[in-house]
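To start, the structure itself, in structure tokens.
Values quoted throughout were computed directly from the atomic coordinates according to the rules given, and no laboratory measurement underlies them. Keep in mind that what you see is a predicted model, and the values were worked out from it rather than measured.
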Amino acid sequence: MLKLTAVATVLNVFFFGFGYANANVKQIAAPLQPPVMAPASTRAVPVPTPSPALTLRRGVRTTTGAALTNTRHS
């Protein structure tokens, strides 16, 4: 019974693979790369939005030290 199930599974995968390949046939006329759009004559300049003010909790202090650029070395 186990051998029969194994053979049935292999044949099932084999024939479903052929069905999948048949359903997804490559089109010979398909372009290798999509067409490139012509560049626009004017570009839109993004407008920066104002960032919200930072509100700290009572008791939290800011520092004037240099910003951290590296925090860990491996």
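Structure summary
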{"item": "Largest-first ellipsoid semi-axes for the chain, taking √(5λ) over the Cα gyration tensor eigenvalues, angstrom", "result": "60, 33, 14"}
{"item": "Estimated 222 nm signal from helices in the chain, with DSSP H stretches of n ≥ 4 weighted -39500 (n - 2.57), rounded to 500", "result": "-10500 deg cm²/dmol"}
{"item": "On Cα atoms only, tilt of 2-23 relative to the major axis of the chain in degrees", "result": "70 degrees"}
